[in-house]
Every structure is written in C-alpha cells, then in structure tokens.
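This report refers to the structure that appears directly beneath it.
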Amino acid sequence: MKSFLKTTFACIIGTCIAGIVLFWLFIGIIMSFATLSTTSNYTSKENTVLRLELKGELPERTKDDPLNFLSSEEYIPNTGLDDILKAIQLAKWDNNIKGIYLDIMNFTSGYASIEEIRNALIDFKESGKFVVAYADMYSQREYYLATTADRVLMNTIGMLDFRGLSTNAVFYKNALDKIGVEMQVFRVGTYKSATEPYMTTQMSEANRRQTESYLNSIWGTIVSDIAAERKIGERNLDELANSLVSLQEPQWVKECGLIDSLVYRQEAENCLAELCGVDNIDDINWASPTDLVSTAKSRKSLTRIAVVYAVGDIDGVSSDGIVSEKLVRTLKKVQDNEAIKGVVLRVNSPGGSAFGSEQIWHAVKQLKQVKPVAVSMGDYAASGGYYLSCCANRIFANPATLTGSIGIFGLVPNAQELLSEKIGLSFDEVKTNRYGFFPSIERPMTTDEKQKMQAYINRGYDLFVTRCAQGREMTTAQIRNIADGRVWSGKEALEIGLVDELGDMQDAIDWVARECNIADYEIIEFPKRKNIYEELIGEFRNEASEFFVRLFLGDEYRYHKVLERLNRIDPIQAQMEYIKIE
C-alpha cells in the first residue's frame, strides 16, 4: 500500500512539474513568434496605399493579442482608435502614400469614435490624396464612416443598412425573480435609468424621453454629415431611411446616390491602381496602421504633454476598466513630473463606483492647480465618467458622445431565496450592535436600514451636484436643472454648459499646447501599454482560475458567478446603463 501511495504521489508531482515546464516552454514559443512578427522592417515606398482593415470591435487603444499568431501567418495586433488616428495623420505627410483604402468588414464602434476617424479622414483629404471605401455589406455605422471617401464602393449583390438610430433596453427583473434574487434599489434622479432593468420590465416615460432626445440629436449629426459628403439633401436622407434600404436592390441604392459603384472586391482594388497611376494592383505597395506607427519617429522634447487614458467602468468587476487607486497614482505621477507642462485626460467611461469617482475627481483637482487639464470625451463620459471630468479646465466632446447622467444609485441584492431555497444554505448570526450584519445579501433590508440607505444616496447626489457646480462654475440649482440622472449627447451637453467645445482628442491637445504657450512638445501616454508578455500572463491567469473553479463547483458554478458579481459590485454607483445604439 505504501509503495502504491508513493508511486501515485510521484506521478502527481511529475505531472505538475511537466505541466509547469510545458507551460513556460509554450510561453517561450509564443514570445519568439511574437518578437519575430512584431519586429518592424517596414520602409515607405512609392505608390503606397494605407489599408485600414476595419473589422471587429474598435478598442480605445491598440492591444496585443498574445494568441493571434495561432490563427494568422502574420502577427497583427488589435488596432485601436489611437493608432488608426496616428496612421492617418502620418499618411497625410508621407509623399509615398497616395491614398487610403477603407476595407470594411463587420466593424463595430461607438458613433463618437467614428466621428473622430471621419474628421481625421476629412483632414487627410485636404492633402489632395484619395480615400476609397469598399464593403460587401455596409452596416449603418460603417456607411457613416465610408461617406468620407471620394468613392464609396459596394459588392454587386451587397447590402446597405440605413434606417435611423435605435436602442434596445434589456430588463433583468424577471430573470432575477426566477433565480431568487431581489435587487433593493435606491436612487436619486428621475432619469437615472440604470436601475430600471432591476425594477421593472419596460422603460419609464422619463427614460423614453431622454433616449428619444439624444438619439434624435445624434441622428441629426449623422444625417448632416452624410448630406455634406454625399451631396444629398437631409430631408431626402430621412426619406431613404424610411425605405428599408437594406432590402432594396443594390442598383436602386446606387441610383439614390448612397454609393458610387457596384463592384467586386478585385474591381475595387483595380480602382486603387487607377488612382495611383499604376498598371495593376500588383504595382501597389500596402501599408497598415501598425507599419506606419511602428516606424514613426516620436518627437523628442524636454517639454511634454501627457495623455492619460481613463477607459471602462470605474472600479468595476472587469479587469480592463478604471481602477481608481491606480489612476490616482498615475495622475500624481504626472503632476510631479516637471517636464510635463499640460495634461489631456481621455475619458471613455459610463461611470461606476461613486467612491472611486470622487477619488479621481480630487486627483484631477490637485493636478489642475499645477498644470492645465483638458478632458477629451470618447463614446461615453457619463455619470462617474462625467464626475471625474467636471473640474477640468476645458472639456471637449464629440457630438455623438453620451455624457451627463449626473445621478447616484445604490443596489443591495437580497439573495435570500437563492441561497436558502435554491442552494439550501442557512445562516445564523451573533452581533454586539443593531447593524452588525449590514449590509447582507442573505436577507432583505429592514425599513430603518432602507431609510438610512436612501439618505446616504441623497448625500452622494448632493456631493456630485456640488462637484459639477464647482467645476463648471455654475450654481447647484443650475446643475440640478440639467442633472436628475439625465443622459445628453455631446451636442446637447454643449448647449446646456456641461462641455465647453465640440472636438476630438487632437483639439484637446492643441488647446493644452496653447495654454502652456508651447509649440515644440512630445506626447507621452499613461498608463503604459501592456506588452504581449503581460497580456499573455493575464489571459492565462484568468483562464486558469476560471477552469479550477468550474471544475470544483460543477453544476453549481452558475450560482457562484451570480454571487461573485453581486459581491464585487460597489453598492453605491454613479453609472449610466449600457446603451448600444444601432
């Protein structure tokens, strides 16, 4: 028996050691491939076209995918908005680059990000170079981007979606009822609709009004922009949107002036050869955003402007969001760096923890006392995202940015039914004082606890309003009139004083440079991008943890995930609901 146990134990140890060795060997192979693939050997040549392959979801910053090489002969990072904008700017001044080819395939992005790319393309065309767009099928947001092109091409049997904007809210109440979880909701703000999915099964009238307002505002911008580029009247475009364009004959779409030509992909590339003045497509040299950015020489200067990214939920359950403690340290580091003369805070966040938002607000306030701070808003800068923005010296937003949502809410789950009846757990408690076990997801809150919780939420809202009033140099009464949890488009926010100017990140950088009275400066970004090794380790850690928890819990894993999410959410939130505009 002892011999058997020794042999078994030795096998287990040997297997573990072999697993560890194989794991690090696997990492070494991946790093070797990635290093070879990312080594830049690109040099600019005559008759080059910048090819923007737009597919998948657009991240704010380029992100290395450590397993990308397994599905591709060439390592291609997930190109972000930052590198796309840099590449377009570099292409404008590269004499070897003749134009840009928008190769569009299932591209997903917020409309504010698309506005930034459109603005960069329009600026690029001022150089006299061409822009050509091609897609087998255009979604509405893809078409909005493509309309900046000199030639908009579509497959001969393709489809174009152009039908106006919509958003579809998802409500969780019935699903939570089924698993035995009641969300105890506390909020301030008639329009604070982030709590509605837990309370009801349909939109409130207030939420419907605000949604219609910002959708119409964004749609008005889209129609105006397309009308200017395609030379089609805005009224005509609205009529076309009511014609269910996606089901019309491609020839009809062309005759309406929405596109220029119906061609196959090869013919689209032949069009590029013609515009480059070469005989065929083989004479064209291709460049990707990665090529241009990797070989660009950064401007070296003792004078610097920092771009600090604040992207994602604030102190949320996602590892990709904003960790307030880290961001505060970063802002302090920027504040203490004497070479940095000014700061652009790039905010793309729907909000999150009210506590975390206050900590970041204070760090921005401290920074502002030393250096000029501009905020550049992306697709979202709402609720907590607006909280950390409001005290900047100047706020820039795109017309399609969703911002405002000045309101606070609290969620305290009551999972008594799930824990006791469905899982079979029971609880008992010993405490020295009345509120010793507050808050608890194991039972419903008492009337007294609910009253105190609502008072706490009210104080949080008052503080939020005060911060906004201080930052915008308005009275608290003025802020309350436009707050109440209401979401505004960037265009609407400008009209009511929540932002100072419609513009993108480059406009914010230019403003900071003028405020600092500097012309020669270097841009440095925070936080530093994760390299491929760091991305790989993070992916492995998450996957390994998930695997062992699932293995141990078996069928009970789904309940674990619900409880984990409920437990990790900060109960006091300055956050807007997730909005997907189609």
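In the stretch 218-249, which residues are in contact with a strand residue (DSSP E or B) (Cβ under 7 Å, 6 or more places away or on another chain) and open to solvent by 20 Å² or more (accessible area, probe 1.4 Å)? Even if it seems obvious, please write down each step before you answer.
Start the filter on the stretch 218-249 by keeping residues that are in contact with a strand residue (DSSP E or B) (Cβ under 7 Å, 6 or more places away or on another chain), which leaves 218, 245-246.
SER246, the sole residue that qualifies.
Being closer than 26 Å to ASP177 by Cβ, assigned to a loop (DSSP other than H, G, I, E, B) and free of Cβ contacts under 8 Å to residues at least 12 places away in the same chain is the filter here, so list the residues in the stretch 430-452 that pass it.
Within the stretch 430-452, PHE437, PHE438, SER440, THR446 qualify.
Taking GLU492 as the residue in question, decide whether it is among the charged types (D, E, K, R) and over 29 Å from the mean Cα position of the chain (by Cα). So that I can check it myself, show each step before the final result.
On the way: among the charged types (D, E, K, R): yes; over 29 Å from the mean Cα position of the chain (by Cα): no.
Here the answer is no, as GLU492 does not meet what is asked.
Do we find that ALA206 is among the aliphatic types (A, V, I, L, M) and without any contact (Cβ under 8 Å) to a residue 12 or more places away in the chain in this structure?
no
Pull up the stretch 252-288, narrow it to residues that are farther than 29 Å from PHE162 by Cβ, in contact (Cβ under 8 Å) with a residue 60 or more places away in the chain and open to solvent by less than 20 Å² (accessible area, probe 1.4 Å), then point me to the one that is nearest to the chain's Cα centre (by Cα).
Residue satisfying both the conditions and the ranking: ALA287.
In this structure, does TYR191 turn out to be touching a residue at least 60 places away in the same chain (Cβ under 8 Å) and open to solvent by 70 Å² or more (accessible area, probe 1.4 Å)? If you could, list the steps in order and put the result at the bottom.
Working: touching a residue at least 60 places away in the same chain (Cβ under 8 Å): yes; open to solvent by 70 Å² or more (accessible area, probe 1.4 Å): no.
When the stated conditions are applied, TYR191 does not pass them.
If a residue has to be touching a Ser or Thr at 6+ places or on another chain (Cβ under 9 Å), outside any loop (DSSP other than H, G, I, E, B) and surrounded by fewer than 24 Cβ atoms within 10 Å (Cβ to Cβ) to count, how many in the stretch 480-491 make the cut?
Going through the stretch 480-491 one residue at a time, the tally reaches 1.
What's the number of the condition TYR144 fails, among (1) assigned to a strand (DSSP E or B); (2) open to solvent by less than 10 Å² (accessible area, probe 1.4 Å)?
Condition not satisfied by TYR144: (1).
Quick one: is ALA400 aliphatic (A, V, I, L, M), part of a loop (DSSP other than H, G, I, E, B) and touching a residue at least 60 places away in the same chain (Cβ under 8 Å)?
yes
Run ALA175 past the list (1) within 26 Å of LYS580 (Cβ to Cβ); (2) open to solvent by less than 40 Å² (accessible area, probe 1.4 Å) and report the number of the one that doesn't hold.
(2)
Among the helices (runs of 4 or more DSSP H) contained in the stretch 320-396, which hold 3 or more residues that are closer than 22 Å to LYS63 by Cβ and either open to solvent by 10 Å² or more (accessible area, probe 1.4 Å) or in contact with a Phe, Trp or Tyr (Cβ under 8 Å, 6 or more places away or on another chain) (or both)?
324-336
Among the residues of the stretch 453-473, are any loosely packed, with under 13 Cβ neighbours inside 10 Å and over 32 Å from the mean Cα position of the chain (by Cα)?
The answer is yes; a qualifying residue exists.
Working only within the stretch 243-270, note down all residues that are of a type outside the set (Asp, Glu), under 17 Å from ILE284 (Cβ atoms) and out of contact with any Ser or Thr (no Cβ under 8 Å at 6 or more places or on another chain).
ARG265, GLN266, ALA268, ASN270, listed by residue number.
Of the residues GLY110, GLY99, GLY128, only one is open to solvent by 10 Å² or more (accessible area, probe 1.4 Å) and touching a residue at least 60 places away in the same chain (Cβ under 8 Å); which?
GLY110
Does the stretch 410-423 include one or more residues that are more than 24 Å from ALA194 (Cα to Cα) and open to solvent by less than 20 Å² (accessible area, probe 1.4 Å)?
Yes, that holds for at least one residue.
Among the residues of the stretch 120-138, which ones are within 19 Å of ILE232 (Cβ to Cβ) and outside any strand (DSSP E or B)?
Once the filter is applied, which keeps residues that are within 19 Å of ILE232 (Cβ to Cβ) and outside any strand (DSSP E or B), the stretch 120-138 yields LEU121, ILE122, LYS125.
When both residues are 6+ apart or on different chains and their Cβ atoms are under 7 Å apart, which pairs have a first residue that lies in the stretch 358-384 and is of a type in the set (Lys, Arg), and a second that is open to solvent by less than 10 Å² (accessible area, probe 1.4 Å)?
Close Cβ pairs (under 7 Å, with a partner that is open to solvent by less than 10 Å² (accessible area, probe 1.4 Å)) amount to LYS365/CYS391; LYS368/CYS391; LYS368/ALA392; LYS371/ILE340; LYS371/GLY342; LYS371/VAL343.
Touching a residue at least 12 places away in the same chain (Cβ under 8 Å), among the acidic types (Asp, Glu) and in contact with a Phe, Trp or Tyr (Cβ under 9 Å, 6 or more places away or on another chain) - does that describe any residue in the stretch 294-314?
no
The values are calculated or read from the model by the stated rules, or taken from the named source; none is laboratory data. Values in this document were obtained by computation on a predicted structure and should not be read as measured data. Please note: Cβ atoms are built from the backbone with ideal geometry, for glycine as well, and neighbour counts cover all protein chains shown. Ligands, DNA and RNA are excluded from the accessible area calculation, which covers all protein heavy atoms including side chains. Shrake-Rupley method; radii C 1.70, N 1.55, O 1.52, S 1.80 Å.
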